[in-house]
Amino acid sequence: MQMSFGMREENRKLLDRVAAMVRDEIMPLEEEYQAEIGKEDRWKYTARQSEILEGLKAKAREQGLWNFWLTDSDKGFGLSTVEYAFFAEEMGKTPLGAEVFNCSAPDTGNMEVFERYGTEKMKSEWLKPLLDGQIRSAYLMTEPDVASSDATNISMSCVRDGDEYVLNGEKWWSSGAGDPRCKVYIVMVKTGREDLPKHKRQSMIVVPADTPGIEVLRPMEVYGHDDAPHGHMHIRFTDVRVPAENILLGEGRGFEIAQGRLGPGRIHHCMRAIGQAEIALERMCKRSLHREAFGKKLAQLGANYDIIAECRMEIEMARLLCLKAAWYMDQGDARAAAPWISQIKVVAPRVALKVIDEAVQMFGGQGVSQDTPLAIAWTHVRTLRLADGPDAVHRRQVARTELKKYTQEKM
């Protein structure tokens, strides 16, 4: 079967418009937006932050640059996953990019869940305002007391009581739950008995963020940063009651839903990481040509030519692997796509992290400070090696797939 990583001409023109907006309108406002954090309540948007963000969103929507992630929906542009990957890379070049075009995680995955598996009521109440960019959402899966890299460990209690489910337990690393615009959670819970098959014990349920019994305990810090006002929150549920109709597809369908949600999302994360690597390499090159030490441009010192060359080559390899995973996703066979998604989930963050780190080194002390976006980028990409499955889990899956070619034994 012939693979194609190309893009239709009309979508290439659309991508050019996105790239221009990223460069000319969003990136110039990054520094001012970041400087607003902490001026007032860290968990609320300042007037200037809202003006920047909502103004850019309104401009993007007016120009029809909105909801590109809808790759298999009549509500979107009809992009293939391969085509959307290029858009994700461009949006990844700035921290504000994804939200400006309404393509942010975890909202994209949650919207996909609502569209594929939600009731008409859920689509009206939650999907529509998310598609319109009016609210934000969070996905609550990992838990502090179990190894959540093995999702069969998820243990938050969800017990049927008449026409309601009652939830008890804790979740953490709930990205976006700190945002004051976050109005709804999709929560992975345990509903099944121990005698059921292990992949039939978990379910997903929709929980409004203002439901009584929900307590936000603290923001989780990433290398000392709380990522306000977005946040990755530690949340406790105490006798939280939600209507039984809020269960998605019925009890025991959590893993089925997760597979439909996480595959595309991992590709999106990886391509955004490649975008961050591209910007880091650009900054590295410009720095090396404008800064001098010991009578020479930095580019001419040490192994910097080799470092720049290696960064360029590794970015190109990572992008091609990501596009191959996206191509497999477009063929409609999630099982066939899975090992390729696992490969890119390991490779893309690792490559991006290396390139960003080399850029930090080129900037010296300034590179680890607040005076460049590199330190924030490094922190974000480092967490990506854990999000949506840590490297070790994905490498295990890649190895299992490889070994199956040579043995019939159960792995």
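The values are calculated or read from the model by the stated rules, or taken from the named source; none is laboratory data. Everything numeric here is computed off the predicted structure, so don't read it as measured data. Ideal geometry is used to build each Cβ from the backbone, glycine not excepted, and the neighbour counts take in all protein chains shown. Just the protein is used for accessible areas: all its heavy atoms, side chains included, with ligands, DNA and RNA removed. Shrake-Rupley method; radii C 1.70, N 1.55, O 1.52, S 1.80 Å.
Does region 358-378 contain any residue that is open to solvent by 50 Å² or more (accessible area, probe 1.4 Å), within 15 Å of Arg266 (Cβ to Cβ) and in contact with a helix residue (DSSP H, G or I) (Cβ under 7 Å, 6 or more places away or on another chain)?
no
Report every pair of residues separated by at least 6 positions or lying on different chains whose Cβ atoms are under 7 Å apart, first residue within region 89-107 and closer than 19 Å to Ile279 by Cα, second open to solvent by 10 Å² or more (accessible area, probe 1.4 Å) and hydroxyl-bearing (Ser, Thr, Tyr).
Leu96/Tyr33; Ala98/Ser104
Scanning region 368-411 for residues that are among the hydroxyl-bearing types (Ser, Thr, Tyr) and in a helix (DSSP H, G or I), which turns out farthest from His230 (Cα to Cα)?
So the residue we want is Thr401.
Quick grid of which residues meet (1) closer than 15 Å to Ala85 by Cβ; (2) open to solvent by 70 Å² or more (accessible area, probe 1.4 Å); (3) free of Cβ contacts under 8 Å to residues at least 40 places away in the same chain:
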{"residue": "Glu9", "(1), (2), (3)": "no, yes, yes"}
{"residue": "Ala19", "(1), (2), (3)": "yes, no, no"}
{"residue": "Ile26", "(1), (2), (3)": "no, no, no"}
{"residue": "Leu29", "(1), (2), (3)": "no, no, no"}
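Which condition does Ala177 not pass, out of (1) in contact with a strand residue (DSSP E or B) (Cβ under 6 Å, 6 or more places away or on another chain); (2) of a type in the set (A, V, I, L, M, F, W, C); (3) over 18 Å from Val206 (Cβ atoms), if it passes all the others?
(3)
In region 123-153, which residues are assigned to a helix (DSSP H, G or I) and not β-branched (Val, Ile, Thr)?
Listed by number, the residues that qualify are Lys123, Ser124, Glu125, Trp126, Leu127, Lys128, Pro129, Leu130, Leu131, Ala151, Asn153.
Results for (1) over 24 Å from Phe86 (Cβ atoms); (2) buried (at least 19 other Cβ atoms within 10 Å of the Cβ); (3) under 22 Å from the mean Cα position of the chain (by Cα); (4) modelled with pLDDT under 95, shown as yes or no for each residue.
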| residue | (1), (2), (3), (4) |
| --- | --- |
| Glu245 | yes, no, no, no |
| Gln259 | yes, no, yes, yes |
| His268 | no, yes, yes, yes |
| Arg283 | no, yes, no, no |
| Phe294 | yes, no, no, no |
